[in-house]
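Engineer: Mind looking over this structure? Questions follow.
The values are calculated or read from the model by the stated rules, or taken from the named source; none is laboratory data. Note that the coordinates shown come from a computational prediction; the quantities given were computed from them, not determined experimentally. All Cβ positions, even for glycine, are placed from backbone atoms using ideal geometry, and neighbour counts span all protein chains on display. We work out accessible area using only protein heavy atoms, side chains counted, and drop any ligands, DNA or RNA first. Shrake-Rupley method; radii C 1.70, N 1.55, O 1.52, S 1.80 Å.
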Amino acid sequence: MGRKIIQEFGHWLRLALTRDFLRKLLALFLALLLYGAVTYRFSRAEPLRLSGVPVELQLPEGIVNLNGGVPPVTLVVTGSTRVLNSLSSRDFIGKVRIREGSFMRGTPYRLKLSSRDFNVPPGVEISDIEPRELSLELEPIVTRRVPIEVRFDSLDRLPRDYQLDRIICVPDEVQVSGPESLVSELRTVKTQPIPLDRTVTDGFDYTAQLRTPDGMRILPERVAVRIEVVRKYATRTFNGVPLRLLLSPEQRNARLSAELQGPPLAEVAVSGPESQLSVLKSDNLRPYLDLSELREPGVFSITPGCVLVGVDDSELRIKTVRPERISVRITRGK
């Protein structure tokens, strides 16, 4: 009895499935489609704003972006609540390739963004990009040679009376590469300050590190520097210094006397270290005429001399005494 019931049910089921099969299949498809549309409609979330979405710029070889990079943008995206809740800005990284020859030198490049420039996860659409256009400063990279400028931490740290004489760099130029506008305006590449102190009294060699200008590259990064240090000597001139007439005791015993035939003043130039010249006074100078060899009355032309008194004259030198010849009259008293 039970077996017969099962057989009749199976027969009825076969008739139900096979009778008008295509119509039933179409009805099932429409029902599923309607279910999916309703589900999708009611599961859509409000548009999501994602700020800080990075944009990577791919430039042709030999081109640089003076802006340094592309600022992040904000995307407005739509999709289901389930999908949007799992997304972040890093899921939409943009990549833009700039074609060679698509920009003009000296003119800002207008980069227009579209949804195709971003990585869009499945089930999500980009409805807006803020901003849609970016301004870029694109320039070719150039290379040229630039002179080196040697810098010191402080020239005041040298010992008194010493100064730098010659500075030799090897090499004396450096190769600089960078954006054309920056490289063309560069006049020198400076060294890091070379240290000086009170112990420096002679020339020395130094390996100097160069300061790389912002946005550029240099080659080499270090140079050999030869610094020559010398003692500073100067000349100081004293005007109106009284002349002295030098007669020997024998001349005075012979009642000989002397009289200048012009002003009794001389001009004396002294050379030596600046520190010693700065404290020298006219009172330390003794210009004179040596008359000790004159034995008879008459008019004579004598070359003056000069000595220093009251100072350390080991490094001071009398350079000139003017006038170079001075007339003096020798007379004999009665």
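Engineer: Could you order E173, E46 by accessible surface area, starting with the largest, using a probe radius of 1.4 Å?
Structural biologist: E46, E173
Engineer: Let me know the charge dipole size of the chain about its Cα centre in debye, to the nearest 20, where only the beta-carbon of Lys, Arg (+1) and Asp, Glu (-1) is charged.
Structural biologist: Using only the charged Cβ atoms, the result is roughly 1220 debye.
Engineer: What label, among [x] 18.6, 53; [y] 49.7, 189; [z] 19.8, 65, belongs to Rg and Dmax of the Cα atoms in Å computed from the structure on display?
Structural biologist: This structure yields the entry labelled [y].
Engineer: Based on the Cβ-Cβ distance of E133 and R49, what FRET efficiency does E = 1/(1 + (r/R0)^6) give at R0 = 30 Å, to the nearest 0.05?
Structural biologist: 0.95
Engineer: Return one whole number: the accessible area per residue of the stretch 106-261 in Å², for a 1.4 Å probe.
Structural biologist: Per-residue value: 61 Å².
Engineer: For the stretch 211-269 and the stretch 57-124, compute the distance between their C-alpha centroids and round to whole Å.
Structural biologist: 73
Engineer: Compute the label zone of S86 within the stretch 117-137: residues whose backbone N is under 16 Å from the point 7 Å along Cα-to-Cβ.
Structural biologist: In the stretch 117-137, the label zone of S86 (backbone N under 16 Å from the point 7 Å along Cα→Cβ) covers 120-125.
Engineer: I would also like to ask the following. With angles folded into 0 to 90 degrees, how steeply does helix 2-18 sit against the dominant principal axis of the chain? Use alpha carbons for both and round to 10.
Structural biologist: Tilt of helix 2-18: around 60 degrees.
Engineer: Only bridges whose two residues both fall in the stretch 48-100 count here: according to DSSP, what percent of them are antiparallel, nearest 5?
Structural biologist: 50
Engineer: What does the charge count around I194 come to, taking other residues whose C-beta lies under 10 Å from its C-beta (Lys +1, Arg +1, Asp -1, Glu -1)?
Structural biologist: Taking every other residue near I194 into account, the sum is 0.
Engineer: Follow-up question, since we're still on this one. I'd like the FRET efficiency for S327 and E228, computed as 1/(1 + (r/R0)^6) with the beta carbon distance as r and R0 of 41 Å, rounded to 0.05.
Structural biologist: It comes out at approximately 0.30.
Engineer: With everything on Cα atoms, drop me the angle between helix 21-43 and the longest principal axis of the chain, reported from 0 to 90° to the nearest 10.
Structural biologist: 40
Engineer: Also, I was wondering about something else. Using a 1.4 Å probe on the protein heavy atoms, what percent of the accessible area of the stretch 216-334 belongs to carbon and sulfur?
Structural biologist: Percent of accessible area from carbon and sulfur atoms in the stretch 216-334: 48.
Engineer: For the chain, what does -39500 (n - 2.57) per DSSP helix run (n ≥ 4), summed and divided by total residues, give at 222 nm, in deg cm²/dmol to the nearest 500?
Structural biologist: -5500 deg cm²/dmol
Engineer: Ok, one more. I want the local charge near C169. Using Cβ-Cβ distances under 10 Å, sum +1 for each Lys or Arg and -1 for each Asp or Glu among the other residues.
Structural biologist: It works out to a net charge of -2.
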